[in-house]
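J.: Following this message is one structure expressed as structure tokens.
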Amino acid sequence: MKTIIIIFTFLYFSLSFLRGQDYAYAPFVEEGTRWSYTSVTQVGITDYDVYYNVYQLKGDTTIAGLIYKKLLYGCSEDYLAALREENKKVFIRKQEDEDEQLLYDFNLQEGDWITYDIYKTYQVTKIDTIQIGETKRKQFFFGNEIWIEGIGDLLDFYPFQPQLTGSAGQGINYQKKGVDIIYKTDEWYFKENECEFSSINAPKAGPVSLLYPNPAKDWLYLKINPSEFEFAQIKDLAGRICLRSDKNPINIFSLPEGMYILELKEKNNFEMIYRKFYKQ
């Protein structure tokens, strides 16, 4: 009888141990990792513009004695920032002469808070696991926003970005390690061979259209009178302000090719209006 109890005890702890092995932490910063995020804007009753924003880690760089992976943007592989990971924390350095900032912390526990830009704080409301391939990973819930270990935010590469006004949907398209897709969306806009800008049907002017043309080359026109807004500013996807204007149209000739976010401050309105556009 004693032998049987010992055997059952051994089997119980063995199975518990094996179940524990289903979970494995997946690093975020790895050479060859590629993310594709999608932003969908309705431009007519049945017409949509679909933008694919591509980020990838390729090559190393050393800044202030620390080794980073280069974060490149788009099919043209423009240098965007530098990333490194230490103890399940991901740090980003947008400029060599700037201090690095915390991008992700996968050590967070349920109820913990994380702070961005000093004044913006977000709380982990729930943590559970999700099956990715043959292993489980932790996923962190911040209300409606979700992080997954090794993948990041499911809405945008940069966590807690403002929802674009007039957006018909935005989120991750896929994540790859080399040629292997690790995670992908189940939405209709999934596309593996994207190249920065795409369109579904012919763009038509609709009630949610605020700017044109999109993509734009030299001038960006706003469907609003200059007297109705205080200012407009354009940021790159790293959050850097590239230019600011109170004119309409806006001269964007000097901007490098790529994806940008227009922020528009209307008069008598405390909220900002956000739109993505592609500069050719």
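The values are calculated or read from the model by the stated rules, or taken from the named source; none is laboratory data. Since the model is a prediction, treat every value here as computed from it, not as a measurement. Cβ: placed from backbone, ideal geometry, glycine included. Neighbour counts: every protein chain shown.
J.: Can you give me the number of residues within segment 77-103 that are on the phi > 0 side of the Ramachandran plot and without any contact (Cβ under 8 Å) to a residue 40 or more places away in the chain?
T.: Residues in segment 77-103 being on the phi > 0 side of the Ramachandran plot and without any contact (Cβ under 8 Å) to a residue 40 or more places away in the chain: 2 in total.
J.: Can you tell me which condition residue 69 does not meet? The list is (1) in contact with a Phe, Trp or Tyr (Cβ under 8 Å, 6 or more places away or on another chain); (2) part of a strand (DSSP E or B), and all the others hold.
T.: (1)
J.: Counting only residues that are surrounded by fewer than 19 Cβ atoms within 10 Å (Cβ to Cβ) and of a type in the set (Ser, Thr, Tyr), which one in segment 49-92 is modelled with the lowest pLDDT?
T.: Among those residues, the one meeting the criterion is 76.
J.: In this structure, does residue 117 turn out to be touching a residue at least 60 places away in the same chain (Cβ under 8 Å) and closer than 20 Å to residue 81 by Cα?
T.: no
J.: So how many residues does segment 199-235 have that are among the polar types (S, T, N, Q) and at pLDDT 55 or above?
T.: 4
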